[in-house]
There are 2 protein chains.
Amino acid sequence: MLEDKSPQLTPVSELGEFGLIKHLTKRFSLQQPSSILGIGDDAALLSAEGREIAITTDILAEGVHFNLGYAPLKHLGYKAVVANLSDIAAMNAVPAQILVGIAASNRFPVEAFEELYEGIEHACKHYGVDVVGGDTTSSHSGLVISITAIGYGEKESLTKRSGAQPNDLLVLTGDLGGAYMGLQVLEREHSVFLVNPNMQPEMEGYDYILQRQLKPEARTDIRAKLQELGIQPTAMIDVSDGLASEILHLADQSKIGFRLYEEKIPMDELTIMTADEFNLNPSIAALSGGEDYELLMTIAPSDYDKIKNHPDFTIIGHATEASEGCYLVLRGSNELSKLTAQGWDAFLNKKGKED
Amino acid sequence: MLEDKSPQLTPVSELGEFGLIKHLTKRFSLQQPSSILGIGDDAALLSAEGREIAITTDILAEGVHFNLGYAPLKHLGYKAVVANLSDIAAMNAVPAQILVGIAASNRFPVEAFEELYEGIEHACKHYGVDVVGGDTTSSHSGLVISITAIGYGEKESLTKRSGAQPNDLLVLTGDLGGAYMGLQVLEREHSVFLVNPNMQPEMEGYDYILQRQLKPEARTDIRAKLQELGIQPTAMIDVSDGLASEILHLADQSKIGFRLYEEKIPMDELTIMTADEFNLNPSIAALSGGEDYELLMTIAPSDYDKIKNHPDFTIIGHATEASEGCYLVLRGSNELSKLTAQGWDAFLNKKGKED
């Protein structure tokens, strides 16, 4: 879209700032009973209907969080929404509304905004979420997307990071590392493209991990599954920065330690094969890759029978006393390696070279 | 701050992204009973306690909404909060929480973030508002600030833009045009500074209008005053883009027209004198200047006696049927001039030249 220099593209100045916002947001109608008033007033009006409100905000900058060279604007809009809904899901709340702020340089024509909003709309429809507020502005360079998401939940079912207890089981949804390996493939093909724009990118066979990177999903389905199982997690967090970093957050805020078993970390076959291709230990992709948007939670040990062998959940470790620290139990041995926000000690140098 | 090249400044990389957020947000403690959980989890938790929720978001970009050449970061932080609280006040709701998103290039040292957050903190203390969420990221250039504000109000007392009726009185708080004239002074002195950095800027005597531009206040006091007077506005909006533009918003959403009387528009003596100095019609500053953050409302004609001669409110016109359009009644005559978002027809050319 940005490469297209065709004269049909519409400069934002043709619509003006108010015109652009009106044009982009007319596609959104309100579906949620908690959305009382949407876009078009000084503020939106919402009703919590006796529930508590979960609210989160993210700011994404071009060149830092995304590269328009290989992330289509439509996917980017979708992913920006998903990243925020994932935070709401991590509170065990039901997402219901978002507000969207966009600052973009005037190299972005109206059609680029439309593409971005198409992705936002697609995500909102998929997750049943209303867009109730928005602000769009020009900036002197680059694209910055800020999304605020709101969700609701009953006070007693909401999950913070701080409720885990020693001996709780550490449980993960889905599999990890795919988004990171997808990014490696995209970056490799983008480098090839930059050297020779006539080369066709080799994306075939990487579908699953490319989707994990470009169009991830938020686990808003997990709340109902936990309810069905009769499980109330003691703590929960979403995996946006890599498993190691999230475990350390839970440990820090619950004042406990963790044992994580490397061999238990669920990974897709394609993630492992692609890691091999890049000469990378796949556990690195899981531990420090990030952007998988799975949910990591702790549950009481007495819930073990309810969750074992469930296809959506994998037990990957357990909580300990804080004094025991946070350690990875290495695959095929009982050797312990201290977890750090960057991954884990034993592989730090290796990872440093590969980054 | 940004001009200071002294070696004591701390690069953001020294703290890291998590470290920076922790460092900047540790100053915020929760004061509002509706703030259940603040910064540090996947989302903040709020309780509406049976009231409706008003929520708004703004995105401000360097070079578009502010110029760091003359807007100190501390004032910028303060003003960014005020602009959002003003939107909450315009819904007749009580602001209670904000979330802050900041994207800044790495030319900003930690001390620059601190200064910005000092202004944010100052505004939050002044208005009794909690910071419950935040995201800070590096960007490839410039500074972008995104603020989301949340407030609460009883369903029946909230004011939308859409409730005005023909014959309602058009009422304004405070005075207009000051922020725009303050900007003219700042831009003039900044131009002088760019030509000769040794020249001292001439700011003396312009205090009121400089404050209106650099450190405006939100009219969160008006809700209680209206309650005391027993007045429920039929519609309300804040004056962020200029009086003309806001009147057109009310007209559009309430499906009515307006007569606005030029001679009734309240302006401070200094605003008028400075407009004279710049050879500008002061009504232009009021009608299309913006950033005054006063509240513009409509009230039932039967409320006239309650509000006449009140020092905080000025009746500046009245609503008509939609078919009668939106017109300014020019000073000293009964001549009508059509209101446009840019100001009004009769002066458009003049304004065009002066911009």
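The values are calculated or read from the model by the stated rules, or taken from the named source; none is laboratory data. Since we're looking at a predicted model, the values are computed, not measured. Don't worry about glycine lacking a Cβ; one is built from the backbone with ideal geometry, like all the others, and counts go over all protein chains shown.
Tabulated results
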{"item": "Residues of segment B:85-107 that turn out to be facing another protein chain (nearest Cβ under 9 Å) and assigned to a helix (DSSP H, G or I), as a count", "result": "4"}
{"item": "Hey, A:I231 crowded, with 21+ Cβ neighbours inside 10 Å and either closer than 20 Å to A:G69 by Cα or in contact (Cβ under 8 Å) with a residue 60 or more places away in the chain (or both) or not", "result": "no"}
{"item": "Residue match in segment B:250-265 (condition: closer than 16 Å to B:A179 by Cα and in the same structural domain as B:M203 (by the TED database))", "result": "yes"}
{"item": "Extreme residue, nearest to B:E246 (Cα to Cα), among residues of segment A:30-47 that are at the interface with chain B (Cβ under 10 Å from one of its Cβ atoms) and in a loop (DSSP other than H, G, I, E, B)", "result": "A:D42"}
{"item": "Qualifying positions in segment A:272-327 - part of a strand (DSSP E or B) and closer than 12 Å to A:L243 by Cβ", "result": "A:L295, A:L296, A:T314, A:I316, A:G317, A:C326"}
{"item": "Filter pass, A:G50 being farther than 26 Å from A:F18 by Cβ, at pLDDT below 95 and either outside any strand (DSSP E or B) or more than 7 Å from every other protein chain (Cβ to nearest Cβ) (or both)", "result": "yes"}
{"item": "Filter result (part of a loop (DSSP other than H, G, I, E, B) and surrounded by fewer than 16 Cβ atoms within 10 Å (Cβ to Cβ)) within segment B:234-258", "result": "B:K255"}
{"item": "Residue among A:T148, A:T137 that alone is out of contact with any Ser or Thr (no Cβ under 9 Å at 6 or more places or on another chain) and of a type outside the set (D, E, K, R)", "result": "A:T137"}
{"item": "Tally of residues being more than 22 Å from B:A218 (Cβ to Cβ) and facing chain A (nearest Cβ under 7 Å) across segment B:63-73", "result": "1"}
{"item": "Residue identified as modelled with pLDDT under 95 and more than 29 Å from A:K155 (Cα to Cα) among A:G38, A:G63", "result": "A:G63"}
{"item": "Conditions (1) surrounded by fewer than 22 Cβ atoms within 10 Å (Cβ to Cβ); (2) assigned to a helix (DSSP H, G or I); (3) of a type in the set (A, V, I, L, M); number of the one not met by A:L68", "result": "(2)"}
{"item": "Residue pairs meeting the criteria (Cβ under 7 Å; at least 6 apart or on separate chains; first assigned by the TED database to the domain that holds B:H249 and over 20 Å from B:V239 (Cβ atoms), in segment B:327-354; second at pLDDT 90 or above and in a helix (DSSP H, G or I))", "result": "B:L330/B:E262"}
{"item": "Of residues in segment A:262-271 being part of a helix (DSSP H, G or I) and charged (D, E, K, R), the one farthest from A:L339 (Cα to Cα)", "result": "A:E269"}
{"item": "When residues of segment B:191-220 are limited to those that are surrounded by fewer than 13 Cβ atoms within 10 Å (Cβ to Cβ) and of a type in the set (S, T, N, Q), the one modelled with the lowest pLDDT", "result": "B:Q200"}
{"item": "Residue list for segment A:155-179, filter: closer than 21 Å to A:K79 by Cβ and in a loop (DSSP other than H, G, I, E, B)", "result": "A:G174, A:D175, A:L176, A:G177"}
{"item": "Which numbered condition B:S141 fails, given (1) without any contact (Cβ under 8 Å) to a residue 40 or more places away in the chain; (2) within 17 Å of the chain's Cα centre (by Cα)", "result": "(2)"}
{"item": "Failed condition for B:V144, given (1) surrounded by fewer than 24 Cβ atoms within 10 Å (Cβ to Cβ); (2) closer than 21 Å to A:I147 by Cβ; (3) hydrophobic (A, V, I, L, M, F, W, C)", "result": "(1)"}
{"item": "Identity of the residue in segment A:306-334, of a type in the set (D, E, K, R) and modelled with pLDDT under 95, that ends up farthest from the chain's Cα centre (by Cα)", "result": "A:R331"}
{"item": "Yes/no for A:L76 being more than 13 Å from chain B (Cβ to nearest Cβ), crowded, with 19+ Cβ neighbours inside 10 Å and more than 23 Å from A:A218 (Cα to Cα)", "result": "no"}
{"item": "Selected residue (only one of A:G151, A:G182 is buried (at least 24 other Cβ atoms within 10 Å of the Cβ) and assigned to a helix (DSSP H, G or I))", "result": "A:G182"}
{"item": "Hits in segment A:195-216 - residues which are within 27 Å of A:V81 (Cα to Cα) and not in a loop (DSSP other than H, G, I, E, B)", "result": "A:D207, A:Y208, A:I209, A:L210, A:Q211, A:R212, A:Q213, A:L214"}
{"item": "One residue from A:V171, A:V131 being hydrophobic (A, V, I, L, M, F, W, C), buried (at least 21 other Cβ atoms within 10 Å of the Cβ), more than 10 Å from chain B (Cβ to nearest Cβ) and farther than 30 Å from A:A251 by Cα", "result": "A:V131"}
{"item": "Which numbered condition B:S86 misses (of (1) within 16 Å of the chain's Cα centre (by Cα); (2) without any contact (Cβ under 8 Å) to a residue 12 or more places away in the chain)", "result": "(2)"}
{"item": "Subset of segment A:2-32 [acidic (D, E), surrounded by fewer than 13 Cβ atoms within 10 Å (Cβ to Cβ) and modelled with pLDDT under 80]", "result": "A:E3, A:D4"}
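Let's see how each residue does on (1) at negative phi; (2) free of Cβ contacts under 8 Å to residues at least 24 places away in the same chain; (3) out of contact with any Cys (no Cβ under 6 Å at 6 or more places or on another chain):
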site: A:V192; (1), (2), (3): yes, yes, yes
site: A:D238; (1), (2), (3): yes, no, yes
site: A:G242; (1), (2), (3): no, no, yes
site: A:H249; (1), (2), (3): yes, no, yes
site: A:I265; (1), (2), (3): yes, no, yes
site: A:L270; (1), (2), (3): yes, no, yes
site: A:A275; (1), (2), (3): yes, no, yes
site: A:L280; (1), (2), (3): yes, no, yes
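This table checks each residue for (1) modelled with pLDDT under 90; (2) crowded, with 22+ Cβ neighbours inside 10 Å; (3) aliphatic (A, V, I, L, M).
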site	(1), (2), (3)
A:N84	no, yes, no
A:S105	yes, no, no
A:E115	no, no, no
A:H122	no, no, no
